Amino acid sequence: MTAPISQPDDPALLRIDGPIATITLNRPTAYNSINLAIAQKLEQLAVYLEGADDIKVLVIEGEGRAFSAGGDLQTIGAAAEAGTVTPVVGELLKHYHAFIEIIRRMPKISLSSVHGSAAGAGMGLAFVTDLCIAADDAKFTPAYAKIGVSPDGGSTVGIVGTVGSRRALQIFLAEDSFTAQQAYEWGLVAKTVPAAELKAATRQLAERLAQNPPAAIAGTKSLVYQAATTPVKQQLDAEEHKIIMAMNTEEFRAAVKKFTSKSK
């Protein structure tokens, strides 16, 4: 499959540099809020990346002053006034949730790089990726309860699996917003860095992650996400299957040969 060619005015841009792909949310004047156009574009890009064997790491970032302000309330509010919320939001989430499903299941590491504000579904996107790196002045805002709705956009998928149900209820119902440092302490952010260093630090972390062989990335990600809901015997069988698959690769044979030659 040929890589999609991004145009400057696309709502989401794709850039590929070796084994690292970067998706940039590209609605800066709307603080990268999620509307139907960006949801459809994100799904299209994710479909391509899932099947691109040469890509090991996906970075997701935002253009402009914010990572993402969440769902586009201009569009959603107009639909609420017109009585068309069900079809409008249903169509939006069909594509956006398909994008989330792909980045969670694809055998590659996804890394969100957050600056400015990440609110609502934008906060959900920050934490539904496999790892998150954030500028130390980034701010996370749940934003759902204050407008009378429950979370969407993968928010409960990423957050509950990381912090547990009680902390998740605190985040969604009792926090107006929280800092990158709090997110780090709760295990939602892997690393915080000064805002001026975010791009360089993101690249450095992405390159470190891309050093892992594909079988190690795919097997580890699959095992980690299924562990919480899989019976012990089934999980152990899965571990056996995945590690034997990885041991049948050239990368493993080369790594073991290098290791054993050093120990002699």
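Computed quantities for the displayed model
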| item | result |
| --- | --- |
| Qualifying positions in the range 4-51 - small (G, A, S), within 23 Å of K94 (Cα to Cα) and not in a helix (DSSP H, G or I) | S6, A12, S33, G51 |
| Options I55, I23; residue that is closer than 29 Å to I76 by Cα and either open to solvent by less than 10 Å² (accessible area, probe 1.4 Å) or polar (S, T, N, Q) (or both) | I23 |
| Residue tally, condition over 14 Å from S68 (Cβ atoms), among the aliphatic types (A, V, I, L, M) and under 18 Å from the mean Cα position of the chain (by Cα), over the range 14-57 | 11 |
| G83 being touching a helix residue (DSSP H, G or I) at 6+ places or on another chain (Cβ under 6 Å), open to solvent by 30 Å² or more (accessible area, probe 1.4 Å) and farther than 25 Å from Y225 by Cα | no |
| Residues (open to solvent by less than 100 Å² (accessible area, probe 1.4 Å) and without any contact (Cβ under 8 Å) to a residue 12 or more places away in the chain) located in the range 221-254 | V224, A227, T230, P231, L236, D237, I244, M247, A254 |
| Verdict on A78 being in a strand (DSSP E or B) and small (G, A, S) | no |
| Residue within the range 252-259 that is in a helix (DSSP H, G or I), touching a helix residue (DSSP H, G or I) at 6+ places or on another chain (Cβ under 7 Å) and over 28 Å from G116 (Cβ atoms) present | yes |
| Neighbours by Cβ (under 6 Å, 6+ apart or cross-chain): first from the range 51-73, closer than 14 Å to R105 by Cα; second outside any loop (DSSP other than H, G, I, E, B) and open to solvent by 20 Å² or more (accessible area, probe 1.4 Å) | V57/I109; V57/L209 |
| From S112, S117, residue being in contact with a Cys (Cβ under 7 Å, 6 or more places away or on another chain) and either hydroxyl-bearing (S, T, Y) or over 25 Å from S150 (Cβ atoms) (or both) | S112 |
| Scan of the range 106-125 for residues that are touching a helix residue (DSSP H, G or I) at 6+ places or on another chain (Cβ under 8 Å), without any contact (Cβ under 8 Å) to a residue 60 or more places away in the chain and either surrounded by fewer than 22 Cβ atoms within 10 Å (Cβ to Cβ) or among the aliphatic types (A, V, I, L, M) (or both), ordered by number | A118, M123 |
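Residue-by-condition table, conditions (1) of a type in the set (A, V, I, L, M, F, W, C); (2) open to solvent by 70 Å² or more (accessible area, probe 1.4 Å):
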{"residue": "S155", "(1), (2)": "no, no"}
{"residue": "I159", "(1), (2)": "yes, no"}
{"residue": "V163", "(1), (2)": "yes, no"}
{"residue": "R167", "(1), (2)": "no, yes"}
{"residue": "I171", "(1), (2)": "yes, no"}
{"residue": "A174", "(1), (2)": "yes, yes"}
{"residue": "Q181", "(1), (2)": "no, yes"}
{"residue": "Y184", "(1), (2)": "no, yes"}
{"residue": "G187", "(1), (2)": "no, no"}
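The values are calculated or read from the model by the stated rules, or taken from the named source; none is laboratory data. Everything numeric here is computed off the predicted structure, so don't read it as measured data. Ideal geometry is used to build each Cβ from the backbone, glycine not excepted, and the neighbour counts take in all protein chains shown. Heavy atoms of the whole protein, side chains included, go into the accessibility calculation; ligands, DNA and RNA do not. Shrake-Rupley method; radii C 1.70, N 1.55, O 1.52, S 1.80 Å.
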